[in-house]
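Structure record follows, encoded as structure tokens.
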Amino acid sequence: MFAVFKTGGKQYRVAAEDVLKVDKVKGAPGEIVEFGEVLLVGGDSVTLGAPTVAGATVAAEVLDQARGPKIIAFKKRRRKNSRRKRGHRQEFTLLRITEILTDGQKPSKTAPPRPKRAPAPATAAPDDAAATASETASEGATTKTRKAPAKKAAKPKSKPQAKKPAAKGKQPAAKGKQPAAKGKKKK
């Protein structure tokens, strides 16, 4: 089942367990928020609202209240000595859709528990202990005996190239001499 709902002037197509970013809505992380402005409910049969579907709501769990990346608004008016630099970070709410409800049903007050991933088994069965020990020993041996990468051979030095002649009318500046300042004479 999916639904299209409207919040913050934008429309979102969602299904259960979807995670999405919307403009900021009130709610602390862990709370359930409802969106009543459902425009369409789909699934086995599609219900189109005029303008909204009566009795339909979308329930979501607030995961986080955060701010987006900084956007710099820099304005410059050339030749006017006028510059304005302004930064902005848009606030948003990260949501996980918990339920899509129809016929005036109310959402559950708490979020459903999330299944936690079980960590990989750390110990092996006694029958496989010898096999796994030999495997880890062989793996450890290969990692310890790795050689450092060989250094690249030095490239043979090429002959120095002859300097190109200077362009006509320009003489290279003599070392140690600095050009005199214009308009001032030294006495």
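The values are calculated or read from the model by the stated rules, or taken from the named source; none is laboratory data. Quick caveat: nothing in here was measured; it's all calculated off a predicted structure. When we count neighbours, we look across all protein chains shown, and the Cβ atoms used for this are built from the backbone with ideal geometry, even at glycine.
Scanning the range 1-45 for residues that are in contact with a Ser or Thr (Cβ under 6 Å, 6 or more places away or on another chain), in contact (Cβ under 8 Å) with a residue 24 or more places away in the chain and in a loop (DSSP other than H, G, I, E, B) yields Lys24, Val25, Glu37. Could we say that Ala73 is surrounded by 10 or more Cβ atoms within 10 Å (Cβ to Cβ), at pLDDT 95 or above, part of a strand (DSSP E or B) and not basic (Lys, Arg) here? Considered against the rule, which asks whether it is surrounded by 10 or more Cβ atoms within 10 Å (Cβ to Cβ), at pLDDT 95 or above, part of a strand (DSSP E or B) and not basic (Lys, Arg), Ala73 comes out as no. For the condition surrounded by 10 or more Cβ atoms within 10 Å (Cβ to Cβ) and either over 22 Å from Leu101 (Cβ atoms) or of a type outside the set (A, V, I, L, M) (or both), Gly43 qualifies. Close contacts from the range 47-59, counting a first residue that is on the phi < 0 side of the Ramachandran plot and a second that is part of a loop (DSSP other than H, G, I, E, B) and surrounded by 20 or more Cβ atoms within 10 Å (Cβ to Cβ), with Cβ to Cβ under 7 Å and a gap of 6+ residues or different chains, come to Thr47/Val53.
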